Amino acid sequence: MARRARSRLDSCSWPSPEHRPLPPTTCRLPGWPCCTIRATGLQAELAATRLALLGEPLRLYRGGVIEHPVIAYEALGTLNAARDNTLLLFTGLSPSAHAASSPADPKPGWWESMIGAGKPIDTDRFFVLCINSIGSPYGSSSPTSIDPRTGRPFGITFPEVSLADVARGGYEVLRQLGIETVACDAGTSRGGMT
């Protein structure tokens, strides 16, 4: 029997009970369903983090497949009417998508001094989407994710991730949010990952 590809309109309870839908008023893009992390410990730590649940397996650049890929992200600022002011910000593997404080999570982020109204990454100008890299343990699919075949964390069996896979994660979030144009992108140094 063919499996139906899940869409952004499906329940956020898929692929596991670690995800739950948010009230529409908490979403940065009205009318679009959002998810947040409900896993013990992460919900309080990542209060503003949303999840893009990809509807199809993600085939990685160096081989390997993530069957039920999840990309965590946070949004800061406002998407303009032309939908062309997005600044795509990629994290390293160690930080979460919480790059700066927001009304949804007032805790300082890892790039607090750089992101916000009047700062170098100006949220009065840009709609900042901070994408948590695939492989990071802060909401995106990673070695800490549960392998559905075993019911245990993937650990060392998690597929090798490349920069192309991280970029693909950002693309998939943009696609789910219906954003076709990006003003610019930024991110951490990844020299050792090429």
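The values are calculated or read from the model by the stated rules, or taken from the named source; none is laboratory data. Remember, it's a predicted structure, so these values are computed and weren't measured experimentally. Backbone-built Cβ (ideal geometry, glycine too); neighbour counts: all protein chains shown. For the accessible areas, the whole protein counts, side chains as well, though only heavy atoms, and no ligand, DNA or RNA atoms are used. Shrake-Rupley method; radii C 1.70, N 1.55, O 1.52, S 1.80 Å.
Looking at the stretch 106-125, I want the residues that are closer than 12 Å to residue 76 by Cβ and in contact (Cβ under 8 Å) with a residue 24 or more places away in the chain and have a partner that is assigned to a loop (DSSP other than H, G, I, E, B) and open to solvent by 50 Å² or more (accessible area, probe 1.4 Å) with Cβ atoms under 6 Å, at least 6 apart or on another chain. Which pairs are those?
From residues that are closer than 12 Å to residue 76 by Cβ and in contact (Cβ under 8 Å) with a residue 24 or more places away in the chain, the pairs are 121/114; 123/117; 124/117.
Condition test on residue 100, is it of a type in the set (Gly, Ala, Ser) and at pLDDT below 95?
No, not satisfied.
Just the residues that are of a type in the set (A, V, I, L, M), open to solvent by less than 30 Å² (accessible area, probe 1.4 Å) and more than 15 Å from the chain's Cα centre (by Cα), please, taken from the stretch 67-101.
79
Confirm whether residue 112 is of a type in the set (Asp, Glu), modelled with pLDDT of 95 or more and either assigned to a strand (DSSP E or B) or within 19 Å of the chain's Cα centre (by Cα) (or both).
yes
With (1) open to solvent by less than 20 Å² (accessible area, probe 1.4 Å); (2) modelled with pLDDT of 95 or more as the list, and residue 59 as the residue in question, which single condition is left unmet?
(1)
Give 161, 166 a once-over and let me know the one that is out of contact with any His (no Cβ under 9 Å at 6 or more places or on another chain) and either modelled with pLDDT of 95 or more or in a helix (DSSP H, G or I) (or both).
166
Provide a single number: the residues in the stretch 177-194 that are at pLDDT 90 or above and open to solvent by 40 Å² or more (accessible area, probe 1.4 Å).
6
Counting just the residues of the stretch 132-162 that are aliphatic (A, V, I, L, M) and within 18 Å of residue 54 (Cβ to Cβ), which one comes out surrounded by the most Cβ atoms within 10 Å (Cβ to Cβ)?
If we take residues in the stretch 132-162 being aliphatic (A, V, I, L, M) and within 18 Å of residue 54 (Cβ to Cβ), then 134 is surrounded by the most Cβ atoms within 10 Å (Cβ to Cβ).
Under 7 Å between Cβ atoms, at least 6 apart or on separate chains: pull out the pairs that start in the stretch 135-156 with a residue that is touching a residue at least 40 places away in the same chain (Cβ under 8 Å) and end on any residue that is among the aromatic types (Phe, Trp, Tyr).
Final answer for the pair search is 145/154.
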